[in-house]
1. What number of residues within the stretch 96-109 are in contact (Cβ under 8 Å) with a residue 40 or more places away in the chain and touching a Gly at 6+ places or on another chain (Cβ under 8 Å)?
2. Considering every residue within the stretch 69-80, establish whether at least one is touching a Ser or Thr at 6+ places or on another chain (Cβ under 6 Å) and either open to solvent by 10 Å² or more (accessible area, probe 1.4 Å) or modelled with pLDDT under 95 (or both).
3. Residues in the stretch 41-50: is at least one over 18 Å from residue 161 (Cβ atoms), buried (at least 16 other Cβ atoms within 10 Å of the Cβ) and of a type in the set (Val, Ile, Thr)?
4. Considering each of 130, 125 in turn, give the residue that is among the hydrophobic types (A, V, I, L, M, F, W, C), part of a helix (DSSP H, G or I), out of contact with any strand residue (DSSP E or B) (no Cβ under 9 Å at 6 or more places or on another chain) and open to solvent by less than 50 Å² (accessible area, probe 1.4 Å).
Amino acid sequence: MAASSAPPRARALLQQCVASRLQVKPPEPGSEAEWVEIQRGLVIYICFFKGASEELIPKMVNTLLNVKLSETESGKYVSLLDLPGNLLIIPQATLGGRLKGRNMQYHSNIEKEKGMELYSHFVTLCEKELAANTKCAEAGVVVKYGTYGNIQVLKLDTNGPFTHMIEF
């Protein structure tokens, strides 16, 4: 949770996975759907709120890649970098929803264009951090990601459920 009483600027939901597959482009006449997939690792759903800026991204990436949520064969919890594990990043605007009556409202979410910029920066920094990590590079760890602003189909095999929400 956020360290102060200020409203969060971003929210991330993390899930361990054994394997995950995300449809990033639906099928069209004459072509099949396009999917990205990862094996063992972490799925991060990400949502940015009004007030989020580029300065927040390094803190988010550092926290999310180093939090000890991944279970080893021996039962010890380690970070994604120490596992090493793959990463699937999914933009998830619905994480910003608030219930009003019987309806969900998304007034706190960042504007779409700014959200796309922050999401792109987040993905790029995750890719750089995993590529720079020796264990991850040697293990051939991959970073895959969804498309911002589109409906996507997710298939997830999890060794849990093991889900955590972190606000920034």
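The values are calculated or read from the model by the stated rules, or taken from the named source; none is laboratory data. This structure is a prediction, so every number in the text was calculated from the model and none was measured. All Cβ positions, glycine included, derive from the backbone under ideal geometry; neighbour counts span all protein chains shown. Each accessible area value is taken on the protein alone, full model and side chains, heavy atoms only, with ligands, DNA and RNA left out. Shrake-Rupley method; radii C 1.70, N 1.55, O 1.52, S 1.80 Å.
1. 2
2. yes
3. Taking every residue of the stretch 41-50 in turn, at least one turns out to be over 18 Å from residue 161 (Cβ atoms), buried (at least 16 other Cβ atoms within 10 Å of the Cβ) and of a type in the set (Val, Ile, Thr).
4. Selected residue: 125, the only one of 130, 125 that is among the hydrophobic types (A, V, I, L, M, F, W, C), part of a helix (DSSP H, G or I), out of contact with any strand residue (DSSP E or B) (no Cβ under 9 Å at 6 or more places or on another chain) and open to solvent by less than 50 Å² (accessible area, probe 1.4 Å).
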